[in-house]
């Protein structure tokens, strides 16, 4: 691999806890044990917010209450947009559709009719994404997207990490599909990259899952910790429950 160039006046990039896309087995262990914990306390599934906390704790990072641009989690000067999606076959997935924000051309660019010129609308959608990337990079030197594909029934998981990039609008063309959503395609390869839904402004990015993605399974499912055991562990007492009396409407 070529040696990284040093440039005066700029911060060195990619100072994350691991090289971009090179996920260490120890990270899967840290993520896996936190999934086991959630199962043990009765959680049947993992939401996006859950996984943001899991990932942040696994790298000793910070989980944001509100994303900074697209950044959900940070560690020193590195930040991530953290996503999780369900799949029946996490090990076999070649690509996944990731909801990547609500991009409203009406609000951001004053486009009242998104179908009047779908190319202009598509470009405006990408402009919103790029602005969020810029916002995150204004506070971080490195910005990545971390995806976990999960099957909670089989306890199989795939972890993938890629750089969060800005998209050049001229490199994509847009078409309306049968559901009256807009699909964005690569001008050169004709491959489908984006979907944008006028109703709700949901922006979806299609991500390739590399063969180098880290795949693992949890081979032992924990039982759920009994309620009485948890209450005993926290030394629960009935005095913790205090009645509250509201003022009378006549006073």
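The values are calculated or read from the model by the stated rules, or taken from the named source; none is laboratory data. Everything quoted here is computed from the prediction, not taken from an experiment. Virtual Cβ from ideal backbone geometry, glycine too; neighbours counted across all protein chains shown.
Values for this structure:
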| item | result |
| --- | --- |
| Search result, residues across segment 175-197 that are touching a helix residue (DSSP H, G or I) at 6+ places or on another chain (Cβ under 9 Å) and over 23 Å from residue 81 (Cβ atoms) | 175, 176, 187, 188 |
| Any hit, segment 64-71, residues being modelled with pLDDT of 95 or more and either out of contact with any strand residue (DSSP E or B) (no Cβ under 8 Å at 6 or more places or on another chain) or surrounded by 15 or more Cβ atoms within 10 Å (Cβ to Cβ) (or both) | yes |
| Failed condition for residue 120, given (1) free of Cβ contacts under 8 Å to residues at least 40 places away in the same chain; (2) touching a helix residue (DSSP H, G or I) at 6+ places or on another chain (Cβ under 7 Å) | (2) |
| Positions within segment 37-56 being farther than 11 Å from residue 152 by Cβ and either touching a helix residue (DSSP H, G or I) at 6+ places or on another chain (Cβ under 6 Å) or not in a helix (DSSP H, G or I) (or both), in sequence order | 41, 42, 47, 54 |
| Filter result for residue 150 (part of a strand (DSSP E or B), in contact (Cβ under 8 Å) with a residue 12 or more places away in the chain and within 28 Å of residue 64 (Cβ to Cβ)) | yes |
